[in-house]
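Have a look at the structure below, then the notes.
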Amino acid sequence: MKGAFPVEKFKDVRTPFYYYDTKVLRETLNTVNKEAAKYEKFSVHYAVKANANHKVLSIIRESGLGADCVSGGEIRAAVKAGIPANKIVFAGVGKADWEINLGLEYGIFCFNVESIPELEIINELAGVQGKVANVAFRINPNVGAHTHANITTGLAENKFGISMGDMDKVIDVALTMSNIKFVGLHFHIGSQILDMSDFVALCNRVNELQEKLFARQIIVEHINVGGGLGIDYKHPNRQSIPDFAAYFATYAQHLKLRPRQTVHFELGRAIVGQCGSLISRVLYVKQGTNKQFAVLDAGMTDLIRPALYQAFHKIENISSEEPVEAYDVVGPICESSDVFGKAIDLNKVKRGDLIALRSAGAYGEIMASTYNCRELPQGYTSEEFI
Ligand code: LLP
């Protein structure tokens, strides 16, 4: 056992694979529930897009969280894991008819709607099924988040949401529709946010919009503020559980709620990020002109975040205690961007060593691809190695 990894038990397991430490996951879920419960009307949904592994989802379901889904496939995965349909919200800028029908058939809690054309189709399909669909409007709050450009979503130039200026018009349309019940507002400003002032900016914007609605004598039942709380990629052991206390307190302090309003959260990365690692074997140690490479059997097909977002994942040699040397850690894919890290200090590496890429529980396994005709990595929980 090195660190938290049962290295001995990994010997005969085909690599690369995802390893989920259920102790970390359960502790994280307990903390989320404990901190959210301090506020009477806070309701947390897990953003399934971060990780839809069935074993992980089942543990999340045990904790009682709802689900935030962005496709029919995610709705199916959530239902299969036992998450009740009345705790599922369904978002996404391009919902296909079959996906809307699926949501209606299951009787999900709410559709987060992003345009009038989408609203019209939901109204029509709900009519065919003889149902009334709960909808929340996703409003683009034009709030920037201090995060990577590819994962900021709340600026006016993003494709997401309805602009603030169009909010009244969209609500007017909804109020005329017989198979639509307008129940809430939805927001999401981006992901991997660590600066609480970004969430404060969102709260201020929500408050402004609520004032506008109040002037029209409209009080919505549900305010959904999305997700986005980040994790500490540099120090996965030092802070394996994100600061949920500060996160929820920020909303409690800055959101001006009306009586009986529920606040919904859609957290993905903060819930599953730190429990997962990608475990890989070293195929070769290759000498370059003035550096050495550790060539892994995992590549960008297994964990695309470094290639796609220049994301940092801590890399550890979990099968060596030898003195540290510097390596460029690369994968086997035929792309120059298939690099996990440059000049990384690792305990001296040899062929066959096991390498852990940490903090990979969110947007890791779920974003894997079969490029180069590779197999998808398997995902195992720590309970399978006991
Ligand atoms: N709600 C909405 C509407 C979202 O778009 C997202 C993430 C979430 C909730 C969950 O956000 P989280 O709590 O995980 O930050 N693949 C990228 C992240 C993309 C996030 C997309 N939306 C990455 O690997 O960093």
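The figures follow:
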{"read-out": "Those residues of region 274-328 which are open to solvent by 10 Å² or more (accessible area, probe 1.4 Å), more than 16 Å from the ligand (Cβ to nearest atom) and under 18 Å from Gly379 (Cβ atoms), in sequence order", "value": "Arg281, Asp297"}
{"read-out": "Whichever residue in region 188-204 is among the hydrophobic types (A, V, I, L, M, F, W, C) and in contact with a helix residue (DSSP H, G or I) (Cβ under 6 Å, 6 or more places away or on another chain) and, among such residues, is nearest to Lys256 (Cα to Cα)", "value": "Cys203"}
{"read-out": "Meets criteria (assigned to a strand (DSSP E or B) and without any contact (Cβ under 8 Å) to a residue 40 or more places away in the chain) for Ala77", "value": "no"}
{"read-out": "So Asn134, is it open to solvent by 40 Å² or more (accessible area, probe 1.4 Å) and modelled with pLDDT of 95 or more", "value": "yes"}
{"read-out": "Complete set of residues in region 24-42 that are among the small types (Gly, Ala, Ser) and crowded, with 17+ Cβ neighbours inside 10 Å", "value": "Ala36"}
{"read-out": "Selected residue (criterion: farthest from the ligand (Cβ to nearest atom)) from residues of region 226-252 that are of a type in the set (S, T, N, Q) and crowded, with 18+ Cβ neighbours inside 10 Å", "value": "Ser240"}
{"read-out": "Scan of region 138-185 for residues that are at pLDDT below 95, of a type in the set (Ser, Thr, Tyr) and away from the ligand (no atom under 14 Å from the Cβ), ordered by number", "value": "Ser163"}
{"read-out": "Condition met for Ala96 (in contact (Cβ under 8 Å) with a residue 24 or more places away in the chain and either open to solvent by 40 Å² or more (accessible area, probe 1.4 Å) or not aromatic (Phe, Trp, Tyr) (or both))", "value": "yes"}
{"read-out": "Scope region 332-348; condition open to solvent by less than 10 Å² (accessible area, probe 1.4 Å) and more than 26 Å from the chain's Cα centre (by Cα); matching residues", "value": "Leu346"}
{"read-out": "Among (1) more than 18 Å from Ala362 (Cα to Cα); (2) in contact with a helix residue (DSSP H, G or I) (Cβ under 8 Å, 6 or more places away or on another chain) - the single one Pro242 does not satisfy", "value": "(1)"}
{"read-out": "Ala362 vs. criteria open to solvent by less than 10 Å² (accessible area, probe 1.4 Å), under 26 Å from the mean Cα position of the chain (by Cα) and either more than 23 Å from Asp12 (Cβ to Cβ) or away from the ligand (no atom under 16 Å from the Cβ) (or both)", "value": "yes"}
{"read-out": "Scan of region 62-80 for residues that are surrounded by fewer than 21 Cβ atoms within 10 Å (Cβ to Cβ) and out of contact with any Asp or Glu (no Cβ under 7 Å at 6 or more places or on another chain), ordered by number", "value": "Glu62, Ser63, Gly64, Val70, Gly73, Arg76, Ala77, Val79, Lys80"}
{"read-out": "Of the criteria (1) surrounded by 23 or more Cβ atoms within 10 Å (Cβ to Cβ); (2) under 20 Å from the mean Cα position of the chain (by Cα), which one Gly144 fails", "value": "(1)"}
{"read-out": "Within region 186-202, considering residues that are of a type in the set (Val, Ile, Thr) and open to solvent by less than 10 Å² (accessible area, probe 1.4 Å), the one nearest to the ligand (Cβ to nearest atom)", "value": "Ile193"}
{"read-out": "Qualifying residue in region 315-331 (condition: under 21 Å from the mean Cα position of the chain (by Cα) and outside the structural domain of Arg26 (by TED's automatic domain parsing))", "value": "no"}
{"read-out": "Matching residues, region 12-23, being touching a residue at least 60 places away in the same chain (Cβ under 8 Å) and either surrounded by fewer than 16 Cβ atoms within 10 Å (Cβ to Cβ) or outside any loop (DSSP other than H, G, I, E, B) (or both)", "value": "Arg14, Phe17, Tyr18, Tyr19, Tyr20, Thr22, Lys23"}
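The values are calculated or read from the model by the stated rules, or taken from the named source; none is laboratory data. Because the structure is a prediction, the values reported are computed rather than measured. When we count neighbours, we look across all protein chains shown, and the Cβ atoms used for this are built from the backbone with ideal geometry, even at glycine. Calculation scope for accessible area: heavy atoms of the full protein, side chains included, ligands and nucleic acids excluded. Shrake-Rupley method; radii C 1.70, N 1.55, O 1.52, S 1.80 Å.
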